[in-house]
Amino acid sequence: MKNLLYLLLLVLIIAGIYFLSQNSTGSSLTEKGLTDFAIEDTSSIGKVIIDDGRNIAELKRGDDRFWILDDKYIAMPHHVDVIMKTFANVGIQNPVSKAKKAEVIKIIMGDTRKVAIYDREGKWMKTWYVGRATQTSQGTYALLETPEEGLSSEPFVIEMRGFRGYLTTRFHAIINEWRWTGLFYYPELDFKRVVVETPRDPAQGFSVEVRSKLDADFTLFDHTGLPVDKAKSVVAAYLGGYSKINVEHFEPEVTPAQEDSIRATPPAFRISVTGKDDKVQQADIWYRPTPLATRSRMGDRAPEHDPERVYVYFNDDMAMGQRLTFDKILLTIQDL
């Protein structure tokens, strides 16, 4: 009976390693327990592909500021920073005991995040197989694969220096959570023009031609293109709102039919900003009706529009924005 248990344990280990090797980047299995997870010089990384078993996210290094997600979107800078710091500061907390090896491989088989890392020339550097948290939630089960050594036969518990917790959730592949939420991002206020249209009442629209915001060298025009005399400080304060406008998220809690209905009505505002590179970023913005729960609670005192959120459509996607963020740019010429 004892020999049978040992045999079953061995079969389970071999099956687990075989499963991972079949789903690996193509290297052979090594008898070594690989521990060199870290990449201290993260500037050498050019691409990361994360496969969480349900979705795949591909991150490529773009310019000095941003990474590109799936060749289509800008990746959330904070999320990229988090995984880069993880690559640089990861270490081994402890090896997995022989008694737990089969169980841990089974855990990694059942819920693994495959993280393939490439250099700037597209050459494969290493792959992490990231499993679930340990029972204490202070470590993460993982296997390593490298081009030189192949796939490790030994799993380890990894951790990140200076961080208490597990690392699994950092390596998801949910595209809408990886996407950067930036809409208007001009921290240096280096744009050339802002056009604010109010389709429901065109006479309330305006535009601002900006030659130098820092020198207060700009001109305000009404919707017909005629110059308007307004205090420079008022216009400057308004333009300052465009330094950083982000949406909240890309899941606006509406069905496709509801989205079609929203887009079929004129937006409250259509805002276009021309950057110094002449690229135009445009967004349509609708005030959101006050939610039913709020109307039920407040009765006749309920406002017509949701005081917390607006609908925002840009770059072919509907998103949700916070009024606290957007109200500073949702102004008419009368408001100025």
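Quick one: pull the percent of accessible area on the chain belonging to carbon and sulfur, 1.4 Å probe, ligands and nucleic acids left out. Display every interim value, and only then the final one.
Details: 9060 of 17990 Å².
Summing carbon and sulfur atoms, their accessible area is 50 percent of the total for the chain.
Taking a cut-off of 19 Å between Cα atoms, list the lysines near K213, but don't count ones fewer than 8 places away on the same chain.
K192, K230, K232, K244, K276, K279, K328
Sort the stretch 92-182 into rounded, prolate or oblate with this rule: let a ≥ b ≥ c be the square roots of the eigenvalues of the Cα gyration tensor; rounded if a/c is under 1.5, and if a/c is not under 1.5, prolate when a/b is larger than b/c, oblate otherwise.
oblate
May I ask you to list the GluC sites (Glu not before Pro) in the stretch 72-153 that are in a DSSP loop and have at most 15 other Cβ atoms within 10 Å of their Cβ?
Values: sites: E103, E121, E145, E148, E149; in loops: E121, E148, E149.
For GluC sites (Glu not before Pro) across the stretch 72-153 that sit outside H, G, I, E and B with at most 15 neighbouring Cβ atoms in 10 Å, the list reads E121, E148.
Mind checking the per residue accessible area of the chain for me, 1.4 Å probe, whole number of Å²? Could the numbers behind the result be given before it?
Working: 17990 Å² over 336 residues.
Here the per-residue accessible area is 54 Å².
Once the Cβ-Cβ distance between Q138 and A203 is put in as r, and R0 is 56 Å, what FRET efficiency do you end up with, to the nearest 0.05?
That pair, Q138 with A203, gives E of 0.35.
Can you pick out the pairs among K47/K114; K72/K126; K60/K85 whose Cα atoms lie more than 21 Å from each other?
With Cα atoms farther than 21 Å apart: K72/K126.
Pop the C-beta distance of D229 and D316 into the FRET formula with R0 = 25 Å and round what comes out to the nearest 0.05.
0.05
Return the distance in nm (one decimal) between the two label points of a simple spin-label model at F163 and E253, each offset 7 Å from Cα along Cα→Cβ.
Going by the 7 Å Cα→Cβ label model, 3.0 nm.
Okay, helix-only estimate at 222 nm for the chain: each DSSP H run of n ≥ 4 adds -39500 (n - 2.57), divide by all residues, round to 500 deg cm²/dmol; what do you get? Don't skip to the end; give the middle numbers.
Values: 8 runs with 79 residues, N = 336.
Calculated at 222 nm, the ellipticity per residue is -7000 deg cm²/dmol.
Rounded to the nearest 10 degrees, what's the angle between the helix 98-110 long axis and the longest principal axis of the chain, both from Cα atoms, 0 to 90?
The angle comes out at about 40 degrees.
Tell me which lysines have Cα within less than 17 Å of K98's Cα, excluding those fewer than 8 residues away on the same chain?
K2, K32, K106
Using Cα-Cα distances under 8 Å and only pairs 6 or more residues apart, what relative contact order does the chain have, in percent?
Once normalised by length, the contact order is 14 percent.
For helix 77-89, what angle does its Cα long axis make with the longest principal axis of the chain, in degrees from 0 to 90 and rounded to 10?
30
Please give the residues of the stretch 131-169, grouped as numeric ranges, whose backbone N is less than 19 Å from a label point set 7 Å along the Cα-to-Cβ vector of K106.
Those under the cut-off are 131-136, 141-143, 154-157.
For helix 2-22, report the angle its Cα long axis makes with the longest principal axis of the Cα atoms of the chain; keep it between 0 and 90° and round to the nearest 10°.
Once rounded, the angle reads 40 degrees.
The values are calculated or read from the model by the stated rules, or taken from the named source; none is laboratory data. As the structure is a computational prediction, the values presented were derived from the model and not from experiment. Cβ atoms come from the backbone with ideal geometry, glycine included; neighbour counts cover every protein chain shown. Keep in mind that these areas ignore ligands, DNA and RNA; they rest on the heavy atoms of the full protein, side chains included. Shrake-Rupley method; radii C 1.70, N 1.55, O 1.52, S 1.80 Å.
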